[in-house]
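Read the structure below first, then the notes.
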Amino acid sequence: MSPMITTILLLIVSNVFMTLAWYGHLKLHSSGVTSNWPLYGVILLSWGIALFEYCFQVPANRIGFADNGGPFNLIQLKVIQEVVSLTVFTVVAMFMFSGQKFHWNHIASFLCLVGAVYFAFLPEK
């Protein structure tokens, strides 16, 4: 598999874990699973999930970074990471938090992200 595809797939998996670590505890709290947990317990749970995020994020950055032989410079790698992060977040939020709605301004923000990717990948002069 190409380093470009490998990087993007690793970033997707990483961001699923990141989204669950950052926002999953909110769903667990509202469903009553962790509503009686102390804050430090929820933090430890989130850190445990975030460990898996790093297990995919670090290899994605190493494989994807141009100075390591990858296809992306640092700025491109970060822009891709942000687009993947917001895309994964949106999909997870739509399924986990049924009360959240997708509105026109969200579509506009995604179009701005597409623009960010476009500009990040323009040839440097």
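The values are calculated or read from the model by the stated rules, or taken from the named source; none is laboratory data. Since we're looking at a predicted model, the values are computed, not measured. Ideal geometry is used to build each Cβ from the backbone, glycine not excepted, and the neighbour counts take in all protein chains shown. When the accessible area is computed, the model is the full protein with side chains, heavy atoms only, and any ligands, DNA or RNA have been set aside. Shrake-Rupley method; radii C 1.70, N 1.55, O 1.52, S 1.80 Å.
Points to keep in mind about this one:
- Extreme residue, positive dipole direction of segment 6-125, given options ALA108, CYS55, PHE65 (C-beta unit charges): ALA108
- For MET4, solvent-accessible area (1.4 Å; no DNA, RNA or ligand), Å²: 90 Å²
- Ellipticity at 222 nm from helices only: DSSP H runs of n ≥ 4 in the chain, each -39500 (n - 2.57), divided by the residue count, give -26500 deg cm²/dmol.
- Loop-located trypsin sites (Lys or Arg not before Pro) in segment 1-95, at most 15 other Cβ atoms within 10 Å (DSSP): none
- Listed residues SER46, VAL79, SER14: farthest to the positive end of the dipole of the chain (Cβ charges): SER46
- Debye intensity ratio I(q)/I(0), log10, the chain, q values 0.09, 0.10, 0.13, 0.17 Å⁻¹ (C-alpha model): -0.32, -0.39, -0.63, -0.95
- A DSSP coil position with no more than 14 other Cβ atoms inside 10 Å describes the following GluC sites (Glu not before Pro) in segment 50-125: GLU124.
- The chain: angle of helix 3-30 to the longest principal axis, Cα-based, in degrees nearest 10: 20 degrees
- GNM remark for the chain: springs join alpha carbons under 10 Å apart, and the peak mean-square fluctuation among VAL91, VAL33, VAL13 falls on VAL33.
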